[in-house]
Amino acid sequence: MSKPSRAILLVAALQFVYLVDFMMVLPLGPDLAREHGFALDRLGWLAAAYTLASAVSGLVTFRLLDRFDRKPALLLTFGLLALATLASTLCQGLPALMVARALTGAFGGPAVAIGMAIVIDLTPPEQRGKAMAKVMLGFSLAAIAGVPLGLELARAGGWQAPFYMVAALAALVLVAMACLLPALEGHLNAREKVSARILLARPKVRLAILLQAGSAFSAFLVIPHFSAYFLLNMGFPRAQLGMLYFAGGVVALLSVQLLGRLADRTGPLLAAGLATSAFCAGLAPFFGLGAALPILFFVLFMAGNAGRNVTMAATVSQVPSPHERAGFMSLQSLVQDVAIGAAALVTSWQLGEAADGRLTGMAPVAALAAVIAVSVAFGLARLAGARRAVALE
């Protein structure tokens, strides 16, 4: 297996571990609230601690990540993530659990940024859509297998069992990285040191960061509310909710592979257009449409959002220079965390609960998500055009 193939496989495994660790906490909410004695409506504090710590970590490490060999930096940050996840099993009470989750977010953000920088370092620009699609298998597999497995482990072995699972998986991936990843020092030859001021002085960087923020914001306006809306407003059977997410994860996996390759062959315009169309179509239930086919529209949304992500990643990966890549990815992660937090604020202000328990106010939120998603698609085409113009000069 070639160096790029090994790196892509290892970073995909990193993404899987990171995303399972992040995604499993909310479904585990009732178990955690019962065991640690806090109200279920405080579960969001755990997500907030994780996201805030990841954002702060991005600010602190932004100028540091590109100053070291990628391999030891990745081993250090990912190893600390594994230890922080394991520490969660020792916690008693909500405050201690929040500290452990904050540490996990603080180490996870830089680890993912370095991993993505490694993939970009080792992959030619014309092959990055395909490479990013393979890395993003981690997201789909986390939804399809990781989270359901974590829930079953918690049911059978207690709330700590999923954290033990994630820590063990992280340890295995860490050993594989130590044995299989090459030294990656080429970016250290650049004399210019990365800084936020230098990066943000470039229009293409500002546009790329803005597009990343818009993509995350539009997605997280609606992603946290699909299950509640389907259950409360559309009468979707609770027993079939797991199958709904399984189907969405499978189709997202296929969408990432197909649209990643399409972006490599034709550029991002067609892939982004198809993905955005599916994303917007998947919002139909929030406007009172498609009640007879809820699974179809959920699958369309998941496929569209996954396709937008891989098209975005492939296009934006060409913006930073080698010595800026880890820092740029860290800045992206920071902006994404802020955008997700902003989406949560908007929905908390806009959404409400009717007397019969139904969720109200989703139509304006979904409309805003669609408008921003379309704007992001046009911005992505503009960014790709600017890259082509530079290449031709």
At R0 = 41 Å, FRET efficiency that the Cβ-Cβ distance of LEU180 and SER277 yields, to 0.05
0.55
Between THR360 and VAL250, what is the FRET efficiency for a Förster distance of 35 Å, r being their Cβ-Cβ separation, to the nearest 0.05?
0.65
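Subtracting the Cα-Cα distance from 0.36 nm times the residue separation, let me have the gained length for GLU353 to LEU151 in nm, one decimal. Walk me through the numbers before you get to the answer.
Numbers: separation 202, 0.36 × 202 = 72.72 nm, distance 2.76 nm.
Result for the pair: 70.0 nm of gain on full extension.
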Compute the distance in nm between two label points, each set 7 Å from the Cα along the Cα-to-Cβ direction, one at ILE295 and one at ASP121.
4.5
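A short reminder: the numbers here are calculations on the coordinates, not readings from a lab. Predicted, not measured: the structure shown is a model, and the values here were computed from it. When we count neighbours, we look across all protein chains shown, and the Cβ atoms used for this are built from the backbone with ideal geometry, even at glycine.
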